[in-house]
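Data first, discussion second: the structure below is written as structure tokens.
What follows draws every value from the coordinates through simple rules; no lab data is involved. Everything numeric in this text was worked out from a predicted model, so none of it was measured. Note: ideal-geometry Cβ built from the backbone for every residue, glycine included; neighbour counts use all protein chains shown.
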Amino acid sequence: MTDPNESRDFVLLMSMARLNETRMLALLERFKTPQGILQSPPALCAEVVGEEIARSIASLKTDNEILEKYKTLEQLDIRAVPYYADDYPQWLKAVDYFPPVLFVRGNILPDDAVAVAIIGTRGATVYGKNIAETFARDFAGSGVSVVSGMARGIDTAAHWGALRAKGRTIAVLGCGLDTVYPPENRDLMAEIIKHGAVISEFNIGTPPLAQNFPKRNRIISGLSKGIVAIEAKEKSGVMNTVSWALDQNKDVFAIPGNIYAKTSQGTNRLIKDGATPVTSADEVMEALGIKYTRQEREIREVELAPDEKNVWDALSCDPVILDELSDQLRISTPQLLGVLLRLEIKGLIKQLPGMSFVRKFE
């Protein structure tokens, strides 16, 4: 985990408007830590970012405004996570222009590498919100993390869908993490922090300015294996996220919509331009090669006897009659019943009326 002092050092450094992510990355590569940057002689710092910025860094002071930001870090349990930290999402570093520092509330886990972004218009229809929540619920139920931007409309529905399925979700903001934007999503933000993470590359105190959102969209795409666009106007932030996804070689999926609806003009255009039309989360997971549900991935890590694994692999969510299963596996009925009993005791399968069996999904 990041040292609190290191988080404060990043807050101080990033209070400089001209210290963008490119310059920050160059400085960190040269001086290794924010403290190393702050303590470097201006002449050495100037070799990386020029004399003017080097002088500005040397003159940085912890004034009252900075001290208030330090308090906010502590009060809201915000930490700065640099790209070299263990808890930085390693898969994000695979894309161009990754943020060298993320501010984080909550936790990003290694399992979040299996993630899909759900994006769409703020002015979503009831239909669009239902689709977003359904897809997110199905992704989360399969152990796929849901990434979105916590905006009104599609984003909000997607986050709630994942949370209601007791899954994980990550929100990427276009402002500092001390700001709840939109303000009505305060409860949503609190739940995301408990069951995922709210992240931003923007410093404490940064307002939700319009120019911030196109930048944050590259992170939404970069954290995800694919993008699902549900509703979008032809010129919108959704199309900007899709552009980032294409630049990052990510798969783009779109929900077909009413050809007369403005909220579907963007997604229908995406399909015409080559996005994959989908009508279910399963289609997305199949296209991305996400083969196993969360429970199946956990079971694959459990020690199963060879005969138990053979029977488990032959079962699915569709009931199979005992005799058919016996014929399929070429196992005698008494022997098969013994294996089925062991799997049932382990809580992995369920017997249904008529001596049929299914995998047990919680």
* **Inter-site label distance for Glu283 and Arg18 at 7 Å from Cα along Cβ, in nm** => 5.2 nm
* To do: Would you list which aspartates and glutamates come within 15 Å of Lys309, measuring only between C-alpha atoms, while excluding same-chain residues fewer than 8 positions from it?
  => Glu296, Glu298, Glu301, Glu344
* Would you calculate the separation in nanometres between label points at Thr72 and Met355, each defined as 7 Å from the Cα along the Cα-to-beta-carbon direction? => 6.8 nm
* DSSP loop (so not H, G, I, E, B), at most 10 other Cβ within 10 Å: list which trypsin sites (Lys or Arg not before Pro) in the stretch 56-139 pass both filters. => Lys61
* Exposure proxy order (Cβ contacts within 10 Å, fewest to most) of Leu348, Leu109 -> Leu109, Leu348
* Set Lys166/Lys350; Lys194/Lys225; Lys129/Lys166; Lys69/Lys233; Lys129/Lys194; Lys71/Lys166 screened for pairs whose C-alpha atoms are more than 29 Å apart -> Lys69/Lys233; Lys71/Lys166
* Cβ-placed point charges (K, R +1; D, E -1), dipole of the stretch 56-166 about Cα centre in debye, nearest 20 -> 360 debye
* Asked: When the helix-only estimate is applied to the chain (DSSP H runs of n ≥ 4, each -39,500 (n - 2.57), divided by the residue count), what is the mean residue ellipticity at 222 nm, nearest 500 deg cm²/dmol?
  -> -13500 deg cm²/dmol
* Considering only Ala151, Ala165, Ile220, whose Cα is most displaced toward the positive end of the charge dipole of the stretch 110-288, charges sitting on Cβ of Lys, Arg (+1) and Asp, Glu (-1)? -> Ala151
* In debye, nearest 20: dipole of the chain around its Cα centre with unit charges on the Cβ of K, R (+) and D, E (-)? -> 760 debye
* Can you put Lys272, Lys225, Lys350 in order, fewest other beta carbons within 10 Å first? -> Lys272, Lys350, Lys225
* Estimated inter-spin distance, Lys194 and Leu109, nm [label 7 Å along Cα→Cβ] -> 1.5 nm
* To do: With r as the distance between the Cβ atoms of Gln39 and Asn310 and R0 = 51 Å, compute the FRET efficiency 1/(1 + (r/R0)^6) and round to 0.05.
  => 0.25
* Most to least packed among 282-288, 5-11 [average Cβ atoms within 10 Å] -> 5-11, 282-288
* Want the number for Glu65 to Asp187: 0.36 nm per residue separation, take away the alpha-carbon distance, what's left? -> 41.2 nm
